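Read-outs: derived from the displayed coordinates by stated rules, not from any lab. Computed from a predicted structure; not experimentally measured. Backbone-built Cβ (ideal geometry, glycine too); neighbour counts: all protein chains shown.
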Amino acid sequence: MTAPALSALAPQIASCNPESLSVAHAQQLIREYVQPIESSEMAGLNDALCRVLAEDVISPIDVPAHDNSAMDGYAFRSGDLGASPATLTVVGTAFAGHKYGGAVAPGECVRIMTGAVMPMDCDTVVPQELVTSASETSMTLAPGVVRPGDNRRLKGEDLAAGKPALRKGKTLHAADLGLLASLGIGQVPVQRRLCVAVFSTGDELRGIGQQLDEGCIYDSNRYTIRAMLARLGCDVIDMGIVKDDRESLEAALRTACENADAIITSGGVSVGEADFTREMMARLGDVAFWKLAMRPGRPMAFGRIASNGKSAYLFGLPGNPVAVMVTFYFFARDALLRMMGAAGDSTPSMRVASQSAIRKKPGRTEFQRGILTSDANGNPQVRVTGSQGSGILRSMSEANCMIILGHEQGNVNAGDPVDVVLFDGLC
Ligand code: AMP
Ligand code: MG
């Protein structure tokens with residue numbers, strides 16, 4: 001599918017102003033512009049963690065395959081339940097994997113273990129701890145202890161044969177892999193991994209191990225970006241630090257474009273920079289340079305560039321290390337997930353009481369680094385990490401969540417609810 005030009009999308013958002021674009025508008029533009037890459041491969045279950053399903057998986061079998069017991073106890077016919085205690089004769093035993101093949105008449109029961117196939121004609125299980133008395137040969141049960149059908153798992157109640165077990169677009173986590181194994185499926189079609197080229201721009205940047213001349217800094221963004229891409233399951237082409245000159249930038253952008261699905265750069269996209277990054281990006285394709293109504297992370301370039309018949313999406317992230325992470329998480333990440341064909345809301349937020357007042361101007365979105373904890377009563381609460389400067393990576397390193405103060409939001413009072421997105425989840 002070919003993407004519409006960015007300029008063709010812009011009129012759809014009437015109030016869109018590239019000099020002060022709201023976060024929501026920028027996210028919408030990116031979502032409309034970026035198209036999924038339809039290309040899949042087979043992956044074994046042990047290699048499928050965090051991959052995106054490329055097709056629905058239809059269950060080939062019923063799970064469970066037979067009615068079976070949910071408890072250790074006694075299986076019997078519910079017709080034997082009555083108003084007075086019932087004493088039933090034990091006629092056999094059913095273990096998981098070893099069924100009781102005989103008939104069970106009224107007044108009879110079978111000793112049964114969890115997971116064992118329900119004996120013929122039995123529809124109810126009484127857990128062993130609920131029987132009044134039991135011996136090798138008989139079991140007595142008081143009235144009202146169980147109802148007909150209790151403690152029986154029905155054939156196909158987990159997954160029914162012929163029905164979709166997992167849908168296309170699902171990102172596979174631990175439970176999904178176990179679920180696929182429970183169906184006897186060892187390989188699944190997944191979207192191929194995205195390939196993302198990464199480089200840093202700026203004459204002041206030095207690589208680890210290089211001498212730090214006066215006014216120079218180590219290039220940290222590339223490591224942050226690589227790690228965030230690894231968490232998304234992308235393959236990375238690390239192109240290092242690219243010098244601020246036309247030839248180097250053109251060569252780097254062309255190589256990246258010809259070899260990757262997407263390109264992520266950092267630095268060089270702010271207005272008035274004495275460098276050539278913006279110029280080269282614009283020359284090679286359909287690229288918009290936005291000033292976002294947000295903090296941190298105001299400048300960002302987004303679009304698609306082409307070289308020698310190949311094209312790639314481009315995310316020109318700002319240079320400041322915190323701004324890089326924020327723009328990656330709230331713009332690039334969604335776009336990359338969309339390219340991968342991943343479905344669903346990937347960053348659920350929750351409302352949590354702020355421990356202290358936060359100053360905030362309406363008219364821009366602020367992403368503050370937060371620490372989410374529980375108060376003495378177990379209720380969640382959040383506080384901002386120390387200094388919130390856009391270059392201070394420590395604020396990000398100490399945080400376990402992002403506090404999102406929306407576009408219209410003004411000052412926050414202590415105790416007011418704020419939106420929080422957690423960095424880590426269980427899977
Ligand atoms: P720029 O957008 O290029 O003006 O960069 C903004 C700020 O981010 C400057 O202080 C840069 O030195 C810093 N910066 C740019 N690239 C990197 C990088 N790769 N690692 C760490 N800091 C960077
Ligand atoms: Mg720069």
Q.
Please give the charge dipole size of the chain, origin at the Cα centre, charges +1 on K and R Cβ atoms and -1 on D and E Cβ atoms. Round to the nearest 20 debye.
A. 620
Q) Quick one: putting +1 on the C-beta of Lys and Arg, -1 on the C-beta of Asp and Glu, what dipole do you get for region 350-422 around its Cα centre, in Debye to the nearest 20? A) 220
Q: Just add up the charged neighbours of A165: K/R +1, D/E -1, any other residue whose Cβ is under 14 Å from the Cβ of A165.
A: -2
**Q.** Share antiparallel - DSSP beta bridges, the chain, percent rounded to 5
**A.** 70
(Q) Per residue of region 74-89, what does 6.51 cos²θ - 1.76 cosθ + 1.60 with θ = phi - 60° give for ³J(HN,Hα)? Whole Hz please, x for Gly and Pro, Karplus curve as stated. (A) 10, 9, 7, 7, 5, x, 7, 6, x, 7, 10, x, 10, 10, 10, 7
Q.
Looking only at region 68-153, where both bridge partners belong to it, what percent of the DSSP beta bridges are antiparallel (to the nearest 5)?
A. 80
Q: Return a whole-number percent for the relative contact order of region 1-136, with Cα pairs under 8 Å and 6 or more residues apart as the contact set.
A: 23
(Q) Compute the angle between helix 246-259 and the longest alpha-carbon principal axis of the chain, please, reported from 0 to 90 degrees and rounded to the nearest 10. (A) 20
Q.
Nearest 500 deg cm²/dmol is fine: what mean residue ellipticity at 222 nm does the chain get from its DSSP H runs of n ≥ 4 alone, each adding -39,500 (n - 2.57), divided by its residue count?
A. -5000 deg cm²/dmol
**Q.** Reachable aspartates and glutamates from K360, criterion Cα separation under 20 angstrom, eight or more residues apart if same chain
**A.** E408, D416, D419
(Q) Order 262-270, 185-193, 390-398, 331-339 from most to least packed using the mean count of other Cβ atoms within 10 Å. (A) 262-270, 331-339, 185-193, 390-398
Q) In debye, nearest 20: dipole of region 20-152 around its Cα centre with unit charges on the Cβ of K, R (+) and D, E (-)? A) 320
Q) For the chain, what's the relative contact order in percent, using C-alpha pairs closer than 8 Å and at least 6 residues apart? A) 16
(Q) If I fit a long axis through the Cα atoms of helix 221-231 and take the longest principal axis of the Cα atoms of the chain, what angle between them do I get, 0 to 90°, rounded to 10? (A) 20
Q.
Highest mean first, how do 200-210, 409-419 rank when packing is the count of other Cβ atoms within 10 Å averaged over residues?
A. 200-210, 409-419
Q) What ranking, highest mean first, results for peptides 156-167, 113-124 when packing means the other Cβ atoms within 10 Å averaged over each residue? A) 113-124, 156-167
Q) When the chain is fully extended, how far beyond the present Cα-Cα distance does A70 get from R31, taking 0.36 nm per residue of separation? A) 9.4 nm
Q: Please give the helix 23-33 orientation as an angle from the longest Cα principal axis of the chain, in degrees from 0 to 90, rounded to the nearest 10.
A: 80
